[in-house]
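The values are calculated or read from the model by the stated rules, or taken from the named source; none is laboratory data. It should be emphasised that the depicted structure is a prediction, and the values quoted were computed from it without experimental measurement. Counting neighbours? That spans all protein chains shown, and the Cβs are built from the backbone with ideal geometry, glycine included.
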Amino acid sequence: MRIGIDVGGSHIGLGIINAQNKLIIKEEKDYDTRKDDMSEIVIQTIINLLKQVLLKQNITIEDIEQIGIAFPGTTSNGIVIKAENLGIMNLNIEERIKQVFNTKIVLENDAKCAAIAEKQIGSLKNYDDALFIIIGTGVGGAAFLKGKLLKPVRYSGFEVGHMVIKETEDKCNCGRRGCFEIYGSMKRFKEKINQEFKLNSIDGKIIRQFMLDNKENKKLNVIIDEYIENLTIGIANLVNIFEPQAISIGGSFGHYEELLLPKLRKRLSEGTELYNKDSIPELLIAELKNDAGIIGAAML
């Protein structure tokens, strides 16, 4: 058996997969508190969740051949170099977890993990040239050319959320200005709706229901159209570079599929931002939904 752990901005998901890469056990836990540097909270949440699952399933660490960890940030050689949305810098997570659980630990960027799962058993399995974009608290991605995952030698790479798409004073958590993540993340999108309509919440279910109940609201549609425009700019930049056959979108964006995806498809199909107007890729939603990161981490 293998374990996959998906570290998120607000919680951690953990799963056990079998030899057929099927998720057979899944548990999740929210962070108990928030700090500017979430390093210790993340470590302890992982350890406690692992202990809980092993005890509950009556298995020992010796039964687990590998633990894969999907992390939202730049990773290299078992170290989280930086994860701005969690305030983490230079965290040797492999070493810390191995101190408690003596088994093989493997770390990779969360978007790469989810992309691996989607490419092997999900939405991208029938495409050789493909992109995976995860849109949630931040924006991350991965690329496949001729069926192979592009992976730099030094760091995890492909930080698509930090390409600049606007000349602006808006500052990203990374410290730069005008990043795609500022305008493309679901977190910022929900915050904007909450701020405009004073909903006192950025809970996904509340935001989604508000959007469903107010489809004709002009102010809401202006926010949606602006968001789709920004997504189109970022995605078109990637299409112009990689010429993918398909793009799969994961993360919490998938919960708004019927509200946002048709608009994004229509806007991209206009082709005004594309270098090759006839190279419009298939736009898909991740089949494995929020389990993609867990499954992909276990498949490392």
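Taking only the range 246-270 into account, find how many residues are at pLDDT below 95, polar (S, T, N, Q) and surrounded by 15 or more Cβ atoms within 10 Å (Cβ to Cβ).
1
Could you figure out which of (1) in contact with a Ser or Thr (Cβ under 6 Å, 6 or more places away or on another chain); (2) under 18 Å from K112 (Cα atoms) isn't true of K187?
(2)
Please specify each residue of the range 33-61 satisfying the condition of being of a type in the set (D, E) and either touching a residue at least 24 places away in the same chain (Cβ under 8 Å) or closer than 22 Å to D291 by Cα (or both). Give the steps one after another, and end with the answer.
So the first thing to find is which residues in the range 33-61 are of a type in the set (D, E), and the list is 36-37, 40.
Within the range 33-61, D36, D37 qualify.
Has the range 36-44 got any residue that is over 18 Å from the mean Cα position of the chain (by Cα) and of a type in the set (S, T, Y)?
Within the range 36-44, one or more residues are over 18 Å from the mean Cα position of the chain (by Cα) and of a type in the set (S, T, Y).
Output the residue which, of all residues in the range 1-35 that are of a type in the set (A, V, I, L, M, F, W, C) and over 22 Å from the mean Cα position of the chain (by Cα), is surrounded by the most Cβ atoms within 10 Å (Cβ to Cβ).
Here is the first cut: in the range 1-35, the residues of a type in the set (A, V, I, L, M, F, W, C) are 1, 3, 5, 7, 12, 14, 16-17, 19, 23-25.
Among the residues that remain, those that are also over 22 Å from the mean Cα position of the chain (by Cα) are: 1, 19.
On the way: M1: 15, A19: 7.
Here the residue is M1.
Table: residues versus (1) within 18 Å of V80 (Cβ to Cβ); (2) charged (D, E, K, R); (3) loosely packed, with under 14 Cβ neighbours inside 10 Å.
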site	(1), (2), (3)
K146	no, yes, yes
F158	yes, no, no
G161	yes, no, no
I165	no, no, no
K171	no, yes, yes
C174	yes, no, no
R177	no, yes, no
F180	no, no, no
Y183	no, no, no
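Looking only at residues that are among the hydroxyl-bearing types (S, T, Y) and within 17 Å of the chain's Cα centre (by Cα) in the range 122-154, which one is nearest to S248 (Cα to Cα)?
This residue is S123.
Just to verify a result, which residue in the range 269-293, among those that are of a type in the set (A, V, I, L, M, F, W, C) and out of contact with any strand residue (DSSP E or B) (no Cβ under 7 Å at 6 or more places or on another chain), is farthest from N230 (Cα to Cα)? Write out each step before concluding.
Just the residues of the range 269-293 that are of a type in the set (A, V, I, L, M, F, W, C), to begin with: 274, 280, 283-286, 288, 292.
When the remaining residues are screened for being out of contact with any strand residue (DSSP E or B) (no Cβ under 7 Å at 6 or more places or on another chain), the result is 274, 280, 288.
Details: L274: 14, I280: 17, L288: 25 Å.
Residue satisfying both the conditions and the ranking: L288.
If you check L274 against the conditions, is it modelled with pLDDT of 95 or more, of a type in the set (A, V, I, L, M, F, W, C), assigned by TED's automatic domain parsing to the domain that holds K215 and at negative phi? Give the derivation first.
Values: modelled with pLDDT of 95 or more: no; of a type in the set (A, V, I, L, M, F, W, C): yes; assigned by TED's automatic domain parsing to the domain that holds K215: yes; at negative phi: yes.
Spelling it out, it is not the case that L274 is modelled with pLDDT of 95 or more, of a type in the set (A, V, I, L, M, F, W, C), assigned by TED's automatic domain parsing to the domain that holds K215 and at negative phi.
Between N102, N90, which is free of Cβ contacts under 8 Å to residues at least 60 places away in the same chain, assigned by TED's automatic domain parsing to the domain that holds Y31 and assigned to a loop (DSSP other than H, G, I, E, B)?
Numbers: N90 fails: assigned to a loop (DSSP other than H, G, I, E, B).
The conditions single out N102.
Just to check your reading of the model, which residue among E243, E273 is among the charged types (D, E, K, R), surrounded by fewer than 19 Cβ atoms within 10 Å (Cβ to Cβ), out of contact with any helix residue (DSSP H, G or I) (no Cβ under 7 Å at 6 or more places or on another chain) and touching a residue at least 40 places away in the same chain (Cβ under 8 Å)? Please lay out each step first, then the result.
On the way: E273 fails: out of contact with any helix residue (DSSP H, G or I) (no Cβ under 7 Å at 6 or more places or on another chain).
Just one listed residue meets the conditions, E243.
If you go through the range 156-184 one residue at a time, how many are assigned to a loop (DSSP other than H, G, I, E, B), more than 19 Å from the chain's Cα centre (by Cα) and charged (D, E, K, R)? Full working, then the answer.
Narrowing the range 156-184 to residues assigned to a loop (DSSP other than H, G, I, E, B): 156-159, 163, 165-170, 172-176, 178.
Remaining after also requiring more than 19 Å from the chain's Cα centre (by Cα): 165-170, 175-176, 178.
When the remaining residues are screened for being charged (D, E, K, R), the result is 166-167, 169-170, 176.
Of the residues in that region, 5 qualify.
Which residues, counting only those in the range 105-154, are at pLDDT 95 or above, basic (K, R) and more than 30 Å from K190 (Cβ to Cβ)?
Within the range 105-154, K125, K146, K148 qualify.
Please count how many residues of the range 185-204 are surrounded by fewer than 17 Cβ atoms within 10 Å (Cβ to Cβ), at pLDDT below 95 and part of a helix (DSSP H, G or I).
Selection size over the range 185-204: 1.
In the range 81-121, which residue that is surrounded by 20 or more Cβ atoms within 10 Å (Cβ to Cβ) and closer than 17 Å to K146 by Cα is farthest from the chain's Cα centre (by Cα)?
Looking at the filtered set, the residue picked out is K119.
Scan the range 105-149 residue by residue and report those that are closer than 13 Å to P244 by Cβ, in a helix (DSSP H, G or I) and basic (K, R).
Within the range 105-149, just K119 meets the criteria.
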